[in-house]
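Input: a single structure, listed below in structure tokens.
Just so it is clear, none of the values below were taken in a lab; they were calculated from the coordinates. Here the structure is a predicted model, which means the values were calculated and not measured. Here Cβ is always computed from backbone atoms with ideal geometry, including for glycine, and neighbour counts include all displayed protein chains.
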Ligand code: HEC
């Protein structure tokens, strides 16, 4: 009798051990290596005053590197949105980026986030700050290409 109890107990303990071990072993996935933004980075102010030339350069690069996701006018409706199942903000809406600091936008543009690849060093720091100005400019009236052709109807 004692023995069977002991064996039963051992079996119970063993099965407990297994069910406990399972969730732990699946938690050890790599992938939490994504860099995190620091408060100092988030607090950064845009040090680059936007000029017409600077914005034109950023707009050109935006067409090559960003518009396939974010859309040419920043509407978040680029060609890759459906395929990559992206959920993007419509930057033409001023409230879309209201809560984000320049430092945060710069950091995301540089380091990437989620499905977005970062520009890193392939784009000069100054140009990355100009991207911040450009991204914010989409919410201003008449900034997008589309806005120009539509304004005649309003
Ligand atoms: C492969 C698609 C893709 C490309 C290319 C891409 N982005 Fe993004 N971007 C995203 C996604 C997805 C997010 C939202 C990330 C999140 O919050 O998880 C995002 C977020 C951002 C944000 C933060 C504000 C927001 O709307 O969430 C900025 C700023 C931004 N992108 C700028 C750019 C710029 C500038 C480029 C080109 C240099 C670019 N992106 C290229 C997909 C992309």
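Summary table below
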read-out	value
Area projected by the alpha carbon convex hull of the range 39-143, averaged over all directions, nm²	6.4
Cβ-based exposure ranking for 104, 121, in which fewest neighbours within 10 Å come first	121, 104
Label point distance in nm, residue 64-residue 33, each placed 7 Å from Cα along Cα→Cβ	2.8
Simple label model, 7 Å out from Cα along Cβ direction - residue 56 to residue 77, nm	2.9
Relative contact order computed over the range 39-143 (Cα-Cα under 8 Å; 6+ residues apart), in percent	34
Residue-span extension gain [residue 84 to residue 98] - 0.36 nm each, minus C-alpha spacing	2.5 nm
